[in-house]
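Down below is the structure, laid out as structure tokens.
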Amino acid sequence: MGRTTSTRGGWGRAATVAVTVICLAYAPVAMTELWPYATPGAPAVGEWLLGRSVSPEFVAEAVRDRMGPYERSLAPLIVHSVLGGLLMLLGPVQLLSAVRRRVRLHRIAGTVFAVTVYVSMAGAALYLVRTPPAEAFSGAAFWIVLATILVGTVGSVTFGVLAALRGLPDLHQRWMLLCYGFLMTAPLLRLEWGLLPSLYPGLDMKDINRVAIMHLGALVSFGALLASRALDRRAAVPGLTGTWCPLPVRVAAHLAGAAGLVWITVAFLDEGTAGRRLLVAYLVPYAVTYAVIAVRATRAGSRGAHWAREEWSLHLTALCLAPAFSAVTVPVLERTLGLDRITALTAGVGIGCGMLAYAAVTVVSLRILYARELLKRQGEFAEAPSSRAKAPATAGAAPEGGQG
């Protein structure tokens with residue numbers, strides 16, 4: 001047990017250091033990314049690095065593709081990117097201050113963080129509202145994924161703030177980690193801009209982005225879940241009994257997920273080489289995520305950690321339902337937005353895991369709130385007979401005291 005705890009602690013520290021390094025490295029990239037669009041020739045750290053890791057031609061093509069969509073909303077996008085860089089700096093401050101219990105620093109930084117998220121996302125929202133999906137940078141699928149991430153980020157930080165105000169630190173922690181996970185899609189996407197061209201030489205930025213959005217939502221929400229479970233070491237939650245994931249629910253979710261995966265696989269294979277490339281980018285991370293969560297849920301159950309098993313099970317159920325959700329979403333996107341099959345397929349699959357992870361955190365929150373409400377009602381029920389028993393004694397004592 002000691003060795004297991006030590007190993008987990010080592011992995012946790014390594015993950016914290018890795019995330020902090022990525023955030024600190026990406027902050028100047030984000031803050032300078034759009035300067036050249038406003039002032040040609042202005043320094044941009046990201047373009048300089050990308051030109052040397054891939055090629056100057058790849059960067060030039062990317063800049064050309066972004067120029068048209070960005071020019072109509074350049075000011076809001078600059079606000080979004082500069083404040084996005086600030087969020088990359090505030091994130092590690094929030095995490096480390098929480099772990100080290102620096103309450104005052106955590107509250108101040110958290111307030112600044114929440115306000116910065118709202119203003120930064122407002123800039124991104126203006127860009128999305130002013131830009132039709134088909135005319136957006138990297139196309140309609142990328143626009144849909146960006147819009148979904150924006151809604152998820154704003155929703156997560158809002159629920160995180162409300163949980164803090166209500167004095168619910170465990171829920172606050174989960175929502176803020178999910179919020180920061182969604183924000184981490186930006187630096188991780190830039191890393192994929194530098195790495196994927198070596199795996200797929202000749203692909204342009206649009207196709208690189210399509211590959212990336214196949215798994216970024218799943219990866220960041222999975223990272224948020226791992227962080228939440230690492231910080232919450234409770235074996236049980238007061239008032240929590242039973243499970244919201246009984247065997248019939250798990251079986252039904254797995255059957256629905258298997259049907260969704262079959263449908264997605266067939267649909268992507270029908271799209272030729274591009275479809276097979278996107279399918280691999282989706283299935284491999286999905287399989288790894290499923291395996292890790294399933295193993296963690298089983299291990300938690302074997303050691304009697306009921307709460308850990310419940311949370312892992314809820315997230316595993318949501319992950320199973322993600323392919324089914326995507327399979328249903330694809331025809332809806334085709335009909336409502338007039339998208340072609342490959343674009344609707346890419347968008348529907350790209351948002352599936354992230355949206356179901358958001359739903360899982362919502363259910364986990366309701367699970368905790370229900371346990372607290374049940375505990376509260378049990379306490380009130382226990383107090384009621386006690387109060388009635390004391391009432392006659394109190395009534396009799398008053399006259400006695402009066403006579404004395």
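No lab work stands behind these numbers, since they all come straight from the coordinates. Predicted model, so just to flag it, every value in this text is computed and none were measured. Using ideal geometry, Cβ is built from the backbone for each residue, glycine included, and neighbour counts are taken over all protein chains shown.
Just a few scattered comments:
- Taking the C-alpha atoms only, the angle from helix 103-130 to the longest principal axis of the chain is near 40 degrees.
- Residue exposure sequence - Y26, Y70 - by fewest surrounding Cβ within 10 Å: Y70, Y26
- Here the spin labels are modelled as points 7 Å beyond Cα on the Cα-Cβ line, and at R250 and R72 they lie 5.0 nm apart.
- From the coordinates of this entry, Cα Rg over 2.2 N^0.38 Å is computed, and it appears in [x] 1.09; [y] 1.15; [z] 1.04 under the label [y].
- Choice from M67, M176, M205 showing the highest fluctuation, given a GNM over the chain with Cα pairs closer than 10 Å: M67
- By other beta-carbon atoms within 10 Å, ranking I144, I213 with the fewest at the front produces I144, I213.
- Arranged from fewest to most other beta-carbon atoms within 10 Å of their beta carbon, V19, V129 become V129, V19.
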